[in-house]
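Notes for the one structure printed next.
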Amino acid sequence: MMHRPHDEPPRPARPHPAPAAGPWATPPEPTPPDPGGTVEPGTVDPGVLAALLARHGWQRRGGAPGRYARWTPPGPGGRGTSLLVPESRAFPDCEDLIGEALVALSRSAAPAARDVLVGLRVPSDEIRWWRDVPTGHAGAAPWPVEEQLRSAARRMLLAGALAARGRAGYYGARHRGPATAALENVLVGPALGGRRLTAFVPVGTGRPLAVRLHQALYAAREAVDYRRATGGMDAFDGAVEAGVSHELTEAIVALVRGTEGARVAVEWAPGAQVPEGCAAHAEPVEFSPGDLTVLREAGARYLREEPSVPVRITGTVVRMRRSSPCGEGTVRLRVIGGAEVPHVRMTLDEESYRVAGHAHLVGLPIRVHGRLESRGGFRRLTEATGVAPVQVDEGDRDRLMKSLQENLDFFEGACGSD
């Protein structure tokens, strides 16, 4: 073993090699916003600060009209604290006053102060949920109530992200990966007593999600009203174009279940333009326990009637299985292209099964035609035909072979038993 002298400086670490580009290389992810960063007074628009203070319940209590305003936080505990916020940057001491206001906000224990700072650090559209839930002992809500609110809110955000990717009455596994990734930059505040929750959706990366969810909620409300007034479900068919889906109806049911009612509101970032086709100030959308039967009926209808999709999938074989040395067998593919799902399973006849096995052993993906079935969440391919290996360049083939060698335990031989 060789030892480096103690006085010799360490050699710089060799950089990790970047993955070679290929036809299915994943593009670099955008840098997420930093909610914990500092806010420089020189970057704050006084009008945006005032709008955020008003949005989060701060009270304007006088000031010099046209010059500055005095703001106090909501609730009785904020009477001893006040912020002086200039009306515009034309005020001589604008930057100093904003700096003092930011310091006071950072030192305040009020949740409303935190929400204002988040809105300044990361310009965001805000999605708010309110639930009318029974009060527990000593005025506190049981622990599961908060978990129910968070779970329902996440499901609703995911439904909005799915609708931003494409319209469908039922998504299943389709678009699930990209939609989940779209939630990574969303910031969520505390679920106060299981009654209120706010999510901050960055304008730069999440505006399509917020817009689609805003429109879908109103469409769902109108469809429920139409069903209760006329007995018809036709409005739910048209609501799909607005973003209503099985996933959204299930999220609304989860939000309302066990409550006396729930409301959802989307409020646009004050520093950004109002999206086209959306109202600048919209009332919250309300749902009650009386809506649950209709929402469940609509969700089941979406699940039942979403058609299968003809596809041509390219993917790598990750698992093969059949019960005897000959005959048909089941193959699982990791999807590379052709469908917005991560994996599919399919049953192949003996010849197609043999082709898939040979392609797997030499490190090649295969291409197959079939129908992606809605039953089971679009995870199964039926009527599979035309199985053939796909030629790839040497770099991609080397990576596929390396993956094969590292995962031999998942390959259960073309002639393996069940």
Inset, instruction - Go over the candidates Val318, Val344, Val311 one by one and state the one that is farther than 30 Å from Pro202 by Cβ, without any contact (Cβ under 8 Å) to a residue 60 or more places away in the chain and open to solvent by less than 60 Å² (accessible area, probe 1.4 Å). - result: Val344
Inset, instruction - Considering (1) of a type outside the set (Ser, Thr, Tyr); (2) under 17 Å from the mean Cα position of the chain (by Cα); (3) open to solvent by 40 Å² or more (accessible area, probe 1.4 Å); (4) farther than 21 Å from Glu305 by Cβ, say which one Glu250 fails and leave the rest. - result: (4)
Inset, instruction - Quickly run through the range 323-341 and pick out the residues that are modelled with pLDDT of 90 or more, farther than 21 Å from Pro178 by Cβ and open to solvent by less than 80 Å² (accessible area, probe 1.4 Å). - result: Gly329, Thr330, Val331
Inset, instruction - Identify, from the list Val188, Val201, the residue that is under 18 Å from the mean Cα position of the chain (by Cα) and crowded, with 18+ Cβ neighbours inside 10 Å. - result: Val201
Inset, instruction - Check Gly194, Gly231, Gly172, Gly243 and return the single one that is without any contact (Cβ under 8 Å) to a residue 60 or more places away in the chain and on the phi > 0 side of the Ramachandran plot. - result: Gly231
Legend entry - Flag for Gly271 being free of Cβ contacts under 8 Å to residues at least 40 places away in the same chain and assigned to a loop (DSSP other than H, G, I, E, B): no
Legend entry - Where Val240 falls short, out of the listed (1) outside any loop (DSSP other than H, G, I, E, B); (2) out of contact with any Lys or Arg (no Cβ under 7 Å at 6 or more places or on another chain): (2)
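The values are calculated or read from the model by the stated rules, or taken from the named source; none is laboratory data. Predicted model, so just to flag it, every value in this text is computed and none were measured. As a convention, Cβ positions derive from the backbone with ideal geometry for all residues, glycine included, and neighbour counts pool all protein chains shown. Surface areas here come from the heavy atoms of the whole protein model, side chains and all, with no ligands, DNA or RNA. Shrake-Rupley method; radii C 1.70, N 1.55, O 1.52, S 1.80 Å.
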